[in-house]
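Please read the structure below before turning to the comments.
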Amino acid sequence: MRRASYVIVAALVAAACVGVVAHAQQPAAPPFATTKVDGTDNVYVFRYGNHQSMFVVTSAGVIATDPIGYGRPQAVVTYVDEIKKVTPQPIKYLVYSHHHFDHIAGGKPFKDAGATVVALKRTQERLAQIKDPHTVMPDETFDGHRTITLGDTTLELTYVGLNHSDNSVVMRLPKQKVLFAVDFIPVGSFPGRGMIDAYPLEWEDSLKSVMSMDWEKLIPGHPGAPNGRLGTKQDVQAFLTLLQDASAAVKTEAQAGKCWDAVEKDLKLPKYESWPGYAAGLPMVLRRYCALWGRGT
Ligand SMILES: [Zn+2]
């Protein structure tokens, strides 16, 4: 009996050591990766560094999204090459998720390949103001909702209101029950810099709209935590709760006259301490809610 216990303990210790060693030796993620979404036969995630986008191979060509080429044109060349490795079909569309350059700069290789660039009308207005030399202007725009049907595939584009930006588009594949939504639904991580130009109250409503849609898997614009996972409706609910908790915490302090300095220095959200990005993101979250509840903006 004693000997058996010893063997079990030794085995557990050995397993724990192997676990530690395996973890220590885990290689860094490769610079880019193309991954087919489980349960589909034509939906892919292209990741480059810490950004990612979705592409769909249909019977009549490819629908690509966000070129993710800000400050790194080679990412877009790689993206087009990766699509060509998967299919000989031509790239017919490039759809923008919202106007932020880290997601949509660098689209020229798609344009050169013959893609029609599609964006929300408000996205085009934003781009026309700034005239970023590296960002391709849309060829076609829409307001509210548009459906792209290509071969055997339907992709729905829907504006779900103000949130992380004023022009975030949700892309839904109804048959595959897959959603691509960028930046306004972080999967498993704490929000940060993206709060700066966000609309916090309306954001909550847009998350509720997304939860009312019919889908099962969410491809986020940045790899989900942990391990680059995709998201579920539980992640949307968890993030909505996070925004509500942060908002309520700051509201109380703001209305007691504690914004900006005291809140930014002292307020913590311990429930979210373990979320990746918490330490760096907390000051930005607090500042945005101070602007809302302590200033009225
Ligand atoms: Zn963004």
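Annotations
- Those residues of region 174-203 which are over 25 Å from Pro226 (Cβ atoms) and either within 15 Å of the ligand (Cβ to nearest atom) or touching a Leu at 6+ places or on another chain (Cβ under 6 Å) (or both), in sequence order: Ile196, Asp197, Tyr199, Pro200, Glu202
- Residue pairs meeting the criteria (Cβ under 9 Å; at least 6 apart or on separate chains; first free of Cβ contacts under 8 Å to residues at least 40 places away in the same chain, in region 94-115; second open to solvent by 50 Å² or more (accessible area, probe 1.4 Å) and within 12 Å of the ligand (Cβ to nearest atom)): Phe101/Tyr70; Ile104/Tyr70; Ala105/Tyr70; Gly106/Tyr70
- Flag if Asp132 is at positive phi and within 16 Å of the ligand (Cβ to nearest atom): no
- Screening Thr154, Thr158, Thr147 for residues that are among the hydroxyl-bearing types (Ser, Thr, Tyr), under 13 Å from Ser206 (Cα atoms) and more than 16 Å from the ligand (Cβ to nearest atom) leaves exactly one candidate, Thr158.
- A count restricted to region 30-49 and to residues that are among the aliphatic types (A, V, I, L, M) and farther than 20 Å from Pro67 by Cβ stands at 0.
- Cβ separations smaller than 6 Å between residues 6+ apart or across chains give the following pairs from region 35-61 residues that are closer than 10 Å to Thr87 by Cβ to residues that are open to solvent by less than 10 Å² (accessible area, probe 1.4 Å) and small (Gly, Ala, Ser): Phe55/Ala64.
- Scanning region 59-79 for residues that are open to solvent by less than 10 Å² (accessible area, probe 1.4 Å) and either assigned to a loop (DSSP other than H, G, I, E, B) or away from the ligand (no atom under 16 Å from the Cβ) (or both) gives Gly61, Val62, Ile63, Ala64, Asp66, Pro67, Ile68, Gly69, Ala75, Val76, Tyr79.
- Single residue of Ala119, Ala128, Ala115, Ala75 found to be of a type in the set (A, V, I, L, M) and in contact with a Gly (Cβ under 6 Å, 6 or more places away or on another chain): Ala75
- Selection over region 85-109 of residues that are in a helix (DSSP H, G or I), more than 16 Å from the ligand (Cβ to nearest atom) and not basic (Lys, Arg) gives a count of 2.
- Any hit, region 105-112, residues being at pLDDT below 95 and surrounded by 10 or more Cβ atoms within 10 Å (Cβ to Cβ): no
- Out of Ala248, Ala262, sole residue that is without any contact (Cβ under 8 Å) to a residue 40 or more places away in the chain, farther than 17 Å from Pro191 by Cβ and either outside any helix (DSSP H, G or I) or open to solvent by 30 Å² or more (accessible area, probe 1.4 Å) (or both): Ala262
The values are calculated or read from the model by the stated rules, or taken from the named source; none is laboratory data. Given the structure is predicted, the values throughout are model-derived calculations rather than measurements. Cβ coordinates were reconstructed from backbone atoms using ideal geometry, including for glycine residues, and neighbour counts include every protein chain displayed. In case anyone asks, the SASA skips ligands and DNA or RNA and just uses the protein heavy atoms, side chains included. Shrake-Rupley method; radii C 1.70, N 1.55, O 1.52, S 1.80 Å.
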